[in-house]
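The structure under discussion appears below in the form of structure tokens.
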Amino acid sequence: MKHLLKMSDLSGEEITEILNLADQLKYEHLNGIPHDHLKGKTLGMIFEKSSTRTRVSFESGMFQLGGYALFLSSNDLQIGRGEPIEDTARVLSRYLDAIMIRTFEQEKPEALAKYGSIPIINGLTDYSHPCQVLADLMTIREYKGYLKGLKLAYIGDGNNMANSLIVGAIKTGMSIAVACPNGWLPDAELIEWAHNNGTLTITENILEATKDADVVCTDVWTSMGQEGESEGRKRAFHDYQINDNVMAVAKDDAIVLHCLPAHREEEITAKVFEEHAKEIFDEAENRLHAQKAILVKLLAQK
């Protein structure tokens, strides 16, 4: 594991190793046990998309691991003024031990990895959100005790979350059903890969997807950078809401996950959100622990 650019970079075994380490680091954190594995290490955090959970969890995580994190807004870097990303990669590689980037195009973290000489972490792109899905898998395992054999249902836009959940579920032995309108499907190559490697259902029927699900996931209908499409998206996803009718066909002990921020009464009702707030905010907390595990895996031996 040299980088984390997308979920498909990881094998099932590597995902399990990260989750096991995240559990250990969470235990140590909650019990006040020092774990300064990255003393003297520096993480550069490039943000071209705004953030709450990504920035705070990575910055806090590096501090707790004994390292230091630098917030690098694209407005403050020469990359925001047209410096080629391959030059940025080569310069920052001489100052930092790793880079986390939260941006739009998947090509940017890929280019940083190609031209730089330090580990690159995808903090979010329009294609993939691996850090979030590792936190999701950690949360599911905390609540259910295992992953293999569970059914995960994802409702909504076939976006970066859908892409990453498909890979994460299949590689850990879960089945996954995705309910989204025609025209808003996940990545076609990932769909083909999933059909060849596990159990994936793609449907426009939200109740079919959620039937007997152990885990029900969703995301906002309009992500950052798509604000101009908001009204059209509201019309397209109007019937793709997690509500009492949807939860009634899931298993009685099903948990609900949401990567946040949540738009209540759009992708999820306020009632269902509050009934499942504990697991949703445990999921948010686990961003910290899962990302610390990623950082340790990438940097502790360097």
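Where a number appears in this text, it was derived from the coordinates with a stated rule and is not lab data. Nothing here was measured: the structure is a model prediction, and the numbers come from that model. Please note: Cβ atoms are built from the backbone with ideal geometry, for glycine as well, and neighbour counts cover all protein chains shown.
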Next item on the list: Specify whether the C-alpha gyration tensor of the chain places it in the rounded, prolate or oblate class, a ≥ b ≥ c being the square roots of the eigenvalues: rounded for a/c under 1.5, otherwise prolate if a/b is larger than b/c and oblate if not.
Entry: prolate
Next item on the list: With a bin width of 10 angstrom, please list the P(r) values of segment 215-297 as percents of all Cα-Cα pairs, from the 0 bin to the one holding the largest distance.
Entry: 16, 42, 29, 12, 1
Note to self: How would VAL215, VAL220 line up from fewest to most surrounding beta-carbon atoms within 10 angstrom?
What the structure shows: VAL220, VAL215
Note to self: Which of rounded, prolate or oblate describes segment 156-302 when judged by the alpha-carbon gyration tensor and an a/c cut-off of 1.5?
What the structure shows: rounded
Note to self: Roughly how far apart, in whole Å, are the Cα centres of segment 171-192 and segment 254-302?
What the structure shows: 20
Next item on the list: In a Gaussian network model over the chain where Cα atoms closer than 10 Å are linked, find which of LYS41, LYS271, LYS108 has the largest mean-square fluctuation.
Entry: LYS271
Next item on the list: List the relative contact order of segment 132-283 as a percent without decimals, with contacts defined as Cα pairs under 8 Å and 6+ residues apart.
Entry: 25
Next item on the list: Extending each Cα 7 Å along its Cβ direction at PHE281 and GLU229, get the distance between those two points in nm, one decimal.
Entry: 3.2
Check: Does segment 110-215 classify as rounded, prolate or oblate by the C-alpha gyration tensor (a ≥ b ≥ c root eigenvalues; a/c under 1.5 gives rounded; else a/b over b/c gives prolate, otherwise oblate)?
Finding: oblate
Checklist line | Mean ellipticity per residue at 222 nm, deg cm²/dmol - from DSSP H runs of n ≥ 4 across the chain, formula -39500 (n - 2.57) | finding: -13000 deg cm²/dmol
Margin query: Using Stokes-Einstein with the Kirkwood hydrodynamic radius over Cα pairs, what translational diffusion coefficient do you get for segment 196-243 at 10 °C and a viscosity of 1.306 mPa s, in µm²/s rounded to a whole number?
Written below: 124
Notebook entry, point to check: Top mean-square fluctuation among ALA213, ALA250, ALA270, Gaussian network model of the chain, C-alpha springs under 10 Å?
Noted result: ALA270
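For a quick check of your reading of the filter: which GluC sites (Glu not before Pro) in segment 209-302 sit in a DSSP loop and have no more than 14 other Cβ atoms within 10 Å?
For GluC sites (Glu not before Pro) across segment 209-302 that sit outside H, G, I, E and B with at most 14 neighbouring Cβ atoms in 10 Å, the list reads GLU265.
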Check: What is the extension gain from ASN197 to ILE33, computed as 0.36 nm multiplied by their sequence separation minus the C-alpha to C-alpha distance, in nm to one decimal?
Finding: 55.1 nm
Notebook entry, point to check: What FRET efficiency, computed as 1/(1 + (r/R0)^6) with R0 = 35 Å and r the Cβ-Cβ distance, is obtained for TYR146 and GLU86, rounded to the nearest 0.05?
Noted result: 0.25
